[in-house]
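S.K.: I'd like to ask some things about the structure below.
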Amino acid sequence: MKELIIDLKNQILQEIKDVKEKDKIEDIKVKYLGKKGKFTSILRNMSSVSKEERPKIGELINISKNEIEEKINEKIEIFNKIELEERIKRETIDVTINKKIVNIGHRHPLNQVKEELENFFVSMGFSVVDGPEIETVENNFNKLNSPLDHPSREMSDTFYIDKDLLLRTHTSPVQIRTMMSTKPPIKMVSAGRTFRFDEVDDTHSPMFHQIEGLVVDENINMSNLIDTLNTFIKEFFGKDMKTRYRPHYFPFTEPSAEVDVSCFNCKGKGCNVCNGTGWSMELLGCGMVHPNVLEACGIDSKKYSGFAFGMGIDRITMVKHKINNIRLLYDNDKRFLEQF
Ligand code: FA5
């Protein structure tokens, strides 16, 4: 009996040693130590062992069983360790590997310039106000002293929604909204999108951007306007930039002017970009607020005066970045946009 137990134990230990897969070790456990296992069945034959021998054989069986179980557990642990090492190897992150570089977007050049303009005017003491893109005919034309037969009111120039509402053709209605709701002194700018039935060419787009400025106080005069605009142009485009004020007509300002700056390409010498004139495209309109406009907004025109200006942000962006075609700002071509 003793030899039988020792032989079986040695056979099982050898099988445990030779096993190559984790599943197989479980099979060995069931095969020898399970209820119907070979090793367990030895216990059933104890009746054939003499009374004197029984305690010794019983002890040998227990010691052998423990030894087998110990070896099985050791082997399971070895398999678990190998499994873990392989998993760690598989899941290790190689921080030196070449990762895919994802390009992150940035603000559109028009928005960058809009923000720069707002920041500039804030630094000069202006506040920034907002206005709606859908406006009333009243604010866009009537209160701005626009004659009923003014060509800009035509359906062929303005996107009407109905007889009273339209897509604003300029940012000037924000002046009206501000003067209707705020008492002087007023010093504000307002930037945003504007819409006109304009044919697309190198300097015109049917949707474009403007920034409006308005100052209303006692004793405001034309030299305050020119000084503000000249300071802006020199700060924004550089000291070399020359300005040219051309008399113009706007229903809401009197006197009125349009302002050009020297050509960004030749700095005023004359080249093919400026058709030899030395001057860039027209950038802005300005003037002294018409007394009729002040009165229409409930401001005493005998006490107060004001100046206003409206600049094309698209054209300012073009001059600043030497872009000679407005279409580039709307094509959404990444090769162009990535340059800013
Ligand atoms: C006006 O819109 C006036 N409201 C400006 C103003 C405000 C004058 C306050 C006096 C006092 P004008 O139509 O000239 O003015 O437009 C102003 C600027 O907007 C132009 O100088 C130009 O830079 C830009 N602009 C006008 N039309 C277009 C267009 N279709 N595409 C791109 N920019 C344009």
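S.K.: Hey, any idea what Rg/Rh is for the stretch 15-66, computing Rh the Kirkwood way over Cα pairs?
M.R.: On the Cα set of the stretch 15-66, Rg over Rh gives 1.09.
S.K.: Quick check: the angle from helix 2-18's long axis to the longest principal axis of the chain, C-alpha only, nearest 10 degrees?
M.R.: 20
S.K.: Follow-up question, since we're still on this one. Name the longest site-free stretch of the chain, where the excluded sites are trypsin sites (Lys or Arg not before Pro) in a DSSP loop with no more than 11 other beta-carbon atoms within 10 Å.
M.R.: Here the longest segment lacking exposed loop sites spans 164-238.
S.K.: Can you tell me the dipole magnitude for the chain around its Cα centre, using point charges on the Cβ only (Lys, Arg +1; Asp, Glu -1), in Debye to the nearest 20?
M.R.: Magnitude of the dipole: close to 1740 debye.
S.K.: Just to confirm, what accessible area per residue do you get for the stretch 1-78 at 1.4 Å probe, in whole Å²?
M.R.: Accessible area per residue, the stretch 1-78: 70 Å².
S.K.: Quick one: net charge around Thr243, please, counting Lys, Arg +1 and Asp, Glu -1 for every other residue with C-beta under 9 Å from its C-beta.
M.R.: That sum, taken over residues with Cβ under 9 Å, equals +2.
S.K.: Also, I was wondering about something else. Answer with one residue from Ile299, Val319, Leu284: the one whose Cα lies farthest towards the positive end of the charge dipole of the stretch 269-337, charges on Cβ with Lys, Arg +1 and Asp, Glu -1.
M.R.: Value computed over the given set: Val319.
S.K.: Glu59 versus Ile82, label points 7 Å from Cα toward the beta carbon: distance in nm?
M.R.: About 3.8 nm separates the two model spin labels.
S.K.: Over the stretch 143-272, how many pairs of lysines fall under 27 Å by alpha carbon, counting only those 8 or more apart in sequence or from different chains?
M.R.: Counting lysine pairs in the stretch 143-272 gives 13.
S.K.: May I pose another question? If the cut-off is 30 Å between C-alpha atoms, which lysines fall inside it for Lys100, apart from same-chain ones fewer than 8 positions away?
M.R.: Result set, ordered by chain and number: Lys89, Lys334.
S.K.: Rolling a 1.4 Å sphere over the protein heavy atoms, what is the accessible area per residue of the stretch 96-142, to the nearest Å²?
M.R.: 66
S.K.: Pop out the carbon and sulfur fraction of the accessible area of the stretch 181-340 as a percent, whole number, probe 1.4 Å.
M.R.: On the stretch 181-340, the fraction of accessible area on carbon and sulfur atoms equals 48 percent.
S.K.: Run the reach check for Lys56 against lysines, Cα to Cα strictly under 17 Å, same-chain hits fewer than 8 apart removed. What comes back?
M.R.: Those lysines meeting the cut-off are Lys2, Lys9, Lys65.
S.K.: Give the whole-number value, in cubic angstrom per residue, of the convex hull volume spanned by the C-alpha atoms of the chain.
M.R.: In the chain, the Cα hull volume divided by residue count equals 286 Å³.
S.K.: Which longest uninterrupted range of the chain lacks any GluC sites (Glu not before Pro) assigned by DSSP to a loop state (not H, G, I, E or B) and surrounded by at most 15 other Cβ atoms within 10 Å?
M.R.: Between the exposed loop sites, the longest stretch runs 219-337.
S.K.: Expressed as cubic angstrom per residue, what is the convex hull volume of the alpha carbon set of the stretch 103-202?
M.R.: For the stretch 103-202, the hull spanned by Cα atoms encloses 148 Å³ per residue.
S.K.: Compare Tyr304, Tyr249 by solvent-accessible area with a 1.4 Å probe and give them largest first, with all protein chains kept in place.
M.R.: Tyr249, Tyr304
S.K.: Now, a different point. With point charges of +1 on the Cβ of Lys and Arg and -1 on the Cβ of Asp and Glu, referenced to the Cα centre of the chain, which listed residue (His108, Phe159, Met188) lies farthest in the positive direction of the dipole?
M.R.: His108
S.K.: OK, next. Specify which residue in the list Gly125, Asn10, Leu43 is farthest towards the positive end of the charge dipole of the stretch 1-148, using unit charges on the beta carbon of Lys, Arg (+1) and Asp, Glu (-1), about the Cα centre.
M.R.: Sorting the options by dipole projection puts first Leu43.
S.K.: Continuing with the same structure: Cut-off 10 angstrom, C-alpha nodes, Gaussian network model of the chain. Which of Val49, Val200, Val319 fluctuates the most?
M.R.: Evaluated over the chain, the most mobile residue of the options is Val49.
S.K.: To continue, here is another question. Before anything else, pin down the relative contact order of the chain: Cα pairs under 8 Å, at least 6 apart, normalised by residue count, whole percent.
M.R.: Reported relative contact order: 14 percent.
The values are calculated or read from the model by the stated rules, or taken from the named source; none is laboratory data. Just so it is clear, the structure is predicted and the values come from calculations on it, not from any experiment. Cβ: placed from backbone, ideal geometry, glycine included. Neighbour counts: every protein chain shown. Side chains included, ligands, DNA and RNA excluded: accessible areas come from the protein's heavy atoms. Shrake-Rupley method; radii C 1.70, N 1.55, O 1.52, S 1.80 Å.
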